[in-house]
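To start, the structure itself, in C-alpha cells.
Throughout, read-outs are computed from the coordinates displayed, never taken from laboratory work. On a predicted model such as this, the values are computed, not experimentally measured, just so you know. All Cβ positions, glycine included, derive from the backbone under ideal geometry; neighbour counts span all protein chains shown.
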Amino acid sequence: MLQIAWQHQGRDYPGRGSIASARTCTSRNPQLARGCVPARRSYQSTLRGGVRVNLDTGLIQEARFVPSPNCDARPAGAEVDVIVIHCISLPPCQFGSDDIEAFFCNCLDTSRHPYFHEIQGLKVSAHFLIRRGGELTQFVPTNMRAWHAGASEFRGRCDVNDFSVGIELEGTEDQPFAAAQYETLIQLTRLLIAVYPGISDAQLVGHCDIAPMRKTDPGPHFDWDEYRRQCRAGWRTRA
Ligand SMILES: [Zn+2]
C-alpha cells in the first residue's frame, strides 16, 4: 500500500487553521495555481496506507488531475471543515464513460445522450470523483473552491462550497456503492481529516444534508455508519 504523507511549506503546520493561511492562491486557473508553488517540504504521518497531498498545490499525488475551470478562490480566511459526499452517473445510471469528466470540464458532447441537453451549460465541478473501481480523479485543488454544493447551508452557514471539499462517487441513489469506492473514499477522507483540523465526525455530510429541499444524494445505500467508523482512525491518529 502507498504511504500517506503530505507536503507543506507553511510555518504553522499542523496547528488549527494553518491550511488556509499557509497558501491562498487567488488564481481561477488550477494550472496557474500549481505554478505559484514554493520549494516543498515533505511530511510523513503514521497513518497506514492511503494517499498523499501537496498542501501548496492542493493536489493529491495519487489522483489523476483533470483541471476543471469551474472553480475559484475560497473567501479570505475560509477554512475547510466539511466534506460533502455526492453521487453522479452520466448518462444517468450508466457507469464507465468519460462524460462526468467532460461535464465538469464544460466539454460535454450533448449529441451523446438526450439527457445531456438538460444539463448543457451548467458549470459545476467537484474536487474529486471516485469511479466504480476506486480510481481517484481530481478536478479542483483542495485549496480552491469547487462548485458542487449549489445553494446550501450547514449549521447556519450558507454557501457550503466556501468551506468544504466535494467528493463525487460514480453511482446512483438506488444501488450500493462498490467496495473499492469506499476504500478510496476512506483513505482520502482520513487524509483530509489529517490536514484540515476543523473536520469533525459530524462534518462528514451528504449533499442531501446541506440542500435538503433540492438534493437527495448520495442516497439511502451510502453506508454512513461504516464510513464514519472507518474514518475514526483518522481522528485517533490526529489525536
Ligand atoms: Zn450532489
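Roughly what percent of Cα-Cα pairs across region 62-238 reach past 24 Å? Present the calculation step by step, with values, prior to reporting the outcome.
Values: 4909 of 15576 pairs.
Counting every Cα pair in region 62-238, those more than 24 Å apart make up 32 percent.
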5 angstrom amide H check on residue 52, placed H, neighbours 5+ away:
5, 61, 62
Residue exposure sequence - 228, 52 - by fewest surrounding Cβ within 10 Å
228, 52
Counting sequence-distant residues (5 or more places) and residues on other chains, those with an amide H built under 5 Å from that of residue 145 are 72, 73, 74
Once phi for every residue in region 89-96 is put through the Karplus expression 6.51 cos²θ - 1.76 cosθ + 1.60 (θ = phi - 60°), the whole-Hz ³J(HN,Hα) values, with Gly and Pro written as x, are 8, 9, x, x, 6, 10, 10, x
Using the alpha-carbon centroid of each, what span in Å lies between region 48-121 and region 193-234?
18
Vicinal HN-Hα couplings computed from phi for region 68-82 (Karplus, 6.51 cos²θ - 1.76 cosθ + 1.60; Hz; Gly/Pro x):
9, x, 8, 7, 7, 6, 6, x, 4, x, 5, 10, 6, 9, 9
What distance in nm separates the two pseudo spin-label positions at residue 201 and residue 183, each 7 Å out from Cα along the beta-carbon direction?
2.6
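Viscosity 1.002 mPa s, temperature 20 °C: Stokes-Einstein D of region 163-206 from its Kirkwood Cα radius, in µm² per second?
In µm²/s, the coefficient rounds to 183.
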Where a ≥ b ≥ c are the square roots of the eigenvalues of the C-alpha gyration tensor, would you call region 160-239 rounded, which needs a/c under 1.5, or, failing that, prolate if a/b is larger than b/c, or oblate?
oblate
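Listing 226, 153 from the residue with the fewest other Cβ atoms within 10 Å to the one with the most, what is the order? Don't skip to the answer; put the middle values down first.
Numbers: 226 11, 153 14.
The order, fewest Cβ neighbours first, is 226, 153.
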